[in-house]
Each structure stands twice: as C-alpha cells, then as structure tokens.
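Participant: I'd like to ask you about the structure that follows.
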Amino acid sequence: MSDQTKPITAGEFAKAITDISDQQIESVKAQLLNSIDRLLDTNLELAKEVTVVKTKLQALKPDDNHDELKEDLLLFLETIRENNDVIDDQVSRIKIANAEMVKRGTMASSSQQTQENKLDDRVATLKSAVQQEMGVDVVWNMVKDNDDPQYDIVEEPSSTTKVAEAADTADTNDEGVYL
C-alpha cells in the first residue's frame, strides 16, 4: 500500500474532525458503523468457509496434496485478522468522534458511554461467533504444519485465543476485505 493510500492515524483523525460540522461527524460515524457491520458479516462468511476447508482437509488421505486447501485456509485466516484490525481501528475512530461531540456539547457523556458499550458488545459478540464457527485449535493444528516460515507460530494458542493470533501476517495498514 502506498503512502498516499494509507489511512490517517487516530491522532490525525482526531485533529481532522475538529474542523468539520456536527452533521459531518454523524455522517462519518454512520459510514464507519456501516463498514464495521460489513466487515463483521464478511468475517462470519469467511469463518463458514474455514469450516468447509477444515472438513475437506480432514477428509484427505495422507498422500493427497493439500497445499491449495492450506493456502485457502491461511488466506481466510489472514483476511479475518486484517478485518479485525480494521474493525478495531474504526471502533476507535467512532469513540474519537463521540469524544469530540461530547467536547462540543452535542452529545451527553451518558449517551457516549451507552453507544460505545453497545458497539463494543456487538463487535465482541460477532468476533466470538467467528471464533466458535472455526474452532481455533483445529485451525491452528492445520496451519502449524505449513512449511512457509512466514506462517511460523511460536506457541499453540489456547481455546480462547483470538483467530487473529493464529494468522500472523496481515498488514495493519490495509482497510479490510469485504465479500
């Protein structure tokens, strides 16, 4: 990704929104929420694909070639991780926008807290659903045998470990992948 297309930092975002109207901030928040919803939906679809690939991998005989399936699996995991990073960044931006609105007096602190708690809960619930759909430990066991050193994982994740920690190659500067 070139420097010209990289997203602005959280600090730059916080500074930029001080110069726009309340309506524009609301519009930015709506766009961010829409993007978050799309990324979460995409991750759920990818989790279903991971389950399909896992089933296919488990059905293969030891001497069958499974490289393509493993590549698909790794791509899906990387995409989920990348999307989770983008989701976290966008949630942060919504919180920055809310803080600006509280500072301007156009949003009550209690409303800010309520909105942010609901958003955090929704994101956490859907991220958890993605993890449950895939079965992280089984995915890790399939990925750990990959011969490509870029996929080396130092230690086995626990069952509560996020999928993002199992796929260790996403670029945090990317803006997500939608289906």
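Read the figures in this text as sums done on the coordinates, not as results from a lab. Note that the structure is a prediction, hence the values are computed from the model and not measured. Glycine gets a Cβ as well: all are built from the backbone with ideal geometry, and neighbour counts include every protein chain shown.
Participant: Based on the Cβ-Cβ distance of Ser111 and Asp72, what FRET efficiency does E = 1/(1 + (r/R0)^6) give at R0 = 45 Å, to the nearest 0.05?
Facilitator: 0.55
Participant: If you don't mind, there's one more thing I want to ask. Count charges around Ala59 for me, please; just the other residues with Cβ under 15 Å from its Cβ, Lys/Arg as +1, Asp/Glu as -1.
Facilitator: Neighbourhood net charge equals 0.
Participant: Also, I was wondering about something else. Please provide three numbers in whole Å: the alpha-carbon extents of the range 10-133 along the principal axes, with the largest listed first.
Facilitator: Projected onto its principal axes, the Cα set of the range 10-133 covers 66, 25, 18 Å.
Participant: Let me ask something additional. Can you tell me the FRET efficiency between Ala59 and Thr9 if r is taken as the Cβ-Cβ distance and R0 is 41 Å, rounded to the nearest 0.05?
Facilitator: About 0.35, to the nearest 0.05.
Participant: Right, something else. Read phi for every residue in the range 85-92 and hand back ³J(HN,Hα) as whole Hz from Karplus 6.51 cos²θ - 1.76 cosθ + 1.60, θ = phi - 60°, with x for Gly and Pro.
Facilitator: Coupling constants for the range 85-92: 4, 5, 4, 4, 5, 6, 4, 4 Hz.
Participant: Where Lys and Arg each count +1 and Asp and Glu each count -1, what net charge lies around Ala30 among other residues with Cβ under 14 Å from its Cβ?
Facilitator: Surrounding charge for Ala30 is 0.
Participant: How big is the gap, in Å, between the Cα center of the range 33-76 and the Cα center of the range 82-129?
Facilitator: Between the Cα centre of the range 33-76 and that of the range 82-129, the gap is 29 Å.
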